[in-house]
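K.L.:
Attaching a single structure in structure tokens format; questions to follow.
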Amino acid sequence: MRSPGSRSAARRAGRRLARTARSALGWWPRADSPAAAKGVERVRTFEAGQTVVRREVYRSGRVWNEHALRVVADTGEALVAACAPGAETRWPALYVKARDDGDQSARTKAFDVMATGVWELVAAVWQETELLLWKPPETWFSINAFYTADGLRNWYVNFEHPTRRTSSGFDTFDLTLDLVVAPDLTGWHWKDEDEYAQVRRLGIVTDAEHHAVDAAREQVLAMIAERSGPFADAASWSSWRWDPDWPAPRLPHTAPAVPRVAPAGG
């Protein structure tokens, strides 16, 4: 049974998240809000089975990476999308080098490159795991589930910007901090806190964004405690698998990707 305290904690965290979001990014109205009724374009929705592109876009407007996904469901609550090994991606060259060579220093240097505002993207493909992603439009995080041949390997919370929908998918921006959660929700640990400290020092993550992440941390931990969001139906998520008849998602208008490994969470 969910305790009243955990429900109250989630509500309080959600309210703080809304306040900090306004200062960090500005705010855009929900499709059913009064502002939308005054002429703001309604939120674009996608059909199940449609290919969408998740892009990470830096504040300069330059794309940091892009990832082709298949829509599983798109509701008023969240967009649920997925991919399997072979899905097309594009990542900064240093990120791909870090994964290819097992060189963590190259990954660290990639953030220095980001701070300069100039980088090269190279084609790659997603490998190793199947991914199921849950992303509400206004949250500063997404909840991801990673699967291997043995089933659900772990949950993975990615702290990132709220989404802005595009004609081909949605834009966000990864803020580097992650939370890894056990498949049965009995334990969790923070990941990449060193990288988060680095991007804070570089000014890639602003003070306002940092406050939004702090509020999002509380909200996610409350969701785990009270089993809300996708955690409310953890059994169904645990049993989900990519349908082998589905083709691997492809990025629009790209040449076939070279057999490089895309950086993956988890």
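K.L.:
Would you please give the residues with an amide H less than 5 Å from that of LEU79, counting only those at least 5 places away or on a separate chain, with H modeled from the backbone geometry?
P.N.:
When sequence neighbours closer than 5 places are left aside, the close amide H contacts are LYS135.
K.L.:
What ³J(HN,Hα) values, in whole Hz, does the Karplus curve 6.51 cos²θ - 1.76 cosθ + 1.60 give for the range 158-174 when θ = phi - 60°, with x put for Gly and Pro?
P.N.:
Taking θ as phi minus 60°, the curve returns 9, 8, 7, 5, x, 7, 10, 6, 10, 5, 10, x, 8, 10, 8, 7, 6 Hz for the range 158-174.
K.L.:
Shifting gears a bit: Using only Cα atoms, locate the centre of the range 139-166 and the centre of the range 63-137, then give the distance between them in Å, rounded to an integer.
P.N.:
Comparing the Cα centres of the range 139-166 and the range 63-137, I get a distance of 12 Å.
K.L.:
For GLU88, what accessible surface area do you get with a 1.4 Å probe? Give it in Å², rounded to 10.
P.N.:
Taking all protein chains as shown, GLU88 has close to 10 Å².
K.L.:
List, in order, the whole-Hz ³J(HN,Hα) value for each residue of the range 101-107 obtained from phi through the Karplus relation with A = 6.51, B = -1.76, C = 1.60 and θ = phi - 60°; use x for Gly and Pro.
P.N.:
9, x, 9, 5, 5, 5, 5
K.L.:
Once amide H atoms are built 1.01 Å from N in the peptide plane, which residues 5 or more positions from LEU177, or in another chain, come under 5 Å H to H?
P.N.:
Here PHE159 satisfy the definition.
K.L.:
Expressed as a whole percentage, what fraction of the accessible surface of the range 49-182 belongs to carbon and sulfur atoms when a 1.4 Å probe is rolled over the protein heavy atoms?
P.N.:
Heavy-atom surface of the range 49-182 belonging to carbon and sulfur, 1.4 Å probe: 49 percent.
K.L.:
Provide the solvent-accessible area of LYS191, counting protein heavy atoms only and rolling a 1.4 Å probe, rounded to the nearest 10 Å².
P.N.:
Here the residue's solvent-accessible area equals roughly 60 Å².
K.L.:
What length, rounded to one decimal in nm, is gained on full extension from HIS189 through to ALA208, with 0.36 nm per residue of separation minus their alpha-carbon distance?
P.N.:
Working: separation 19, 0.36 × 19 = 6.84 nm, distance 2.40 nm.
In short, 4.4 nm is gained.
K.L.:
Using the heavy atoms of the protein chains alone and a 1.4 angstrom probe, what is the accessible area of the range 83-155 per residue in square angstrom? Spell out each step's value before the answer.
P.N.:
Numbers: 2690 Å² over 73 residues.
Each residue of the range 83-155 exposes 37 Å² on average to a 1.4 Å probe.
K.L.:
Under 5 Å between amide hydrogens, which residues at least 5 positions from ALA87 or on another chain qualify, with H placed 1.01 Å from N in the peptide plane?
P.N.:
TRP126
K.L.:
To the nearest 0.05, what FRET efficiency results for ARG241 and ARG201 with a Förster distance of 45 Å applied to their C-beta separation? Kindly include the intermediate steps, with their values, before the conclusion.
P.N.:
On the way: r = 41 Å, r/R0 = 0.91.
It comes out at approximately 0.65.
The values are calculated or read from the model by the stated rules, or taken from the named source; none is laboratory data. This one's a predicted model, so the numbers in the text were calculated from it and none came from an experiment. All Cβ positions, glycine included, derive from the backbone under ideal geometry; neighbour counts span all protein chains shown. The protein model used for the area step is the full one, side chains on, heavy atoms only, and it has no ligands, DNA or RNA in it. Shrake-Rupley method; radii C 1.70, N 1.55, O 1.52, S 1.80 Å.
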